[in-house]
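Trainee: Have a look at the structure that comes next, please.
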Amino acid sequence: MDELKLTIQEAQETLLLSQSSVYSWIDKGKLRSIETPGGKLIVISRKEADEIKNFNLKSRRNKVSRQLQQKNSEETAFQEAPVINAEVLESESKNDTQNPASDITLQLISRIEELALEAGRFKQLEILRNEEKENVKFWQEKYHELNADLKKKDAEISELKAEIRFLKEKSTKSLFNIFKGH
């Protein structure tokens, strides 16, 4: 398996994640890390890294990706228009018409890449949905736990109120008896 070992900074740049997201993903177990004397290293396969990067490039919510796209669009705006060699274009178009198999192959490769990208997105969605389900389950359990504690505390409060009433009645009767005796 072709694995990458990345520092936190390299993981940010490679996966297009913020530093807080990298640490969050480590804490949630989405990214595997190892401790070294120099700090944490993220261990990830090239395929997973590419899937995450491609997903983040397509995501509208990813700030790092938006910043990168904005930077790239600013850089391309300042570049000169490419010089087109008409002879090269003409020979390429002849080659394409002469070899329809290569055209179909390119289309298939393009479609495979699209499907792989979509599969990566679906995997990320599945991970997010599973996390969401786990969070809902956790908070439901926490709610029921706290509700049971609240009922116990209400019962304790009722018992204490009854005890206070009893003590008040007892002290009132003893004061009444003291005054009655004099």
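Every number here is computed from the coordinates shown, using simple stated rules; none is lab data. Predicted, not measured: the structure shown is a model, and the values here were computed from it. Cβ coordinates were reconstructed from backbone atoms using ideal geometry, including for glycine residues, and neighbour counts include every protein chain displayed.
Trainee: With r defined as the distance between the Cβ atoms of Lys180 and Lys153 and R0 fixed at 41 Å, what FRET efficiency is calculated, to the nearest 0.05?
Mentor: The value I calculate is 0.55.
Trainee: Also, I was wondering about something else. Answer rounded, prolate or oblate for the range 107-182, using the Cα gyration tensor with square roots of eigenvalues a ≥ b ≥ c: rounded when a/c is under 1.5, else prolate when a/b is larger than b/c, else oblate.
Mentor: Note, shape of the range 107-182 comes out prolate.
Trainee: Within 13 Å, Cβ to Cβ, of Ile127, how many net charges do the neighbouring residues add up to if Lys/Arg are +1 and Asp/Glu are -1?
Mentor: 0
Trainee: Right, something else. Sticking with the crude label model, points 7 Å out along Cα→Cβ, report the distance from Lys161 to His144 in nm, one decimal please.
Mentor: 2.8
Trainee: OK, next. Any idea which of Leu128, Gln140, Leu150 is furthest toward the positive side of the dipole for the range 121-160, if Lys and Arg beta-carbons carry +1 and Asp and Glu beta-carbons -1?
Mentor: With unit charges placed on the Cβ atoms, the residue in question is Leu128.
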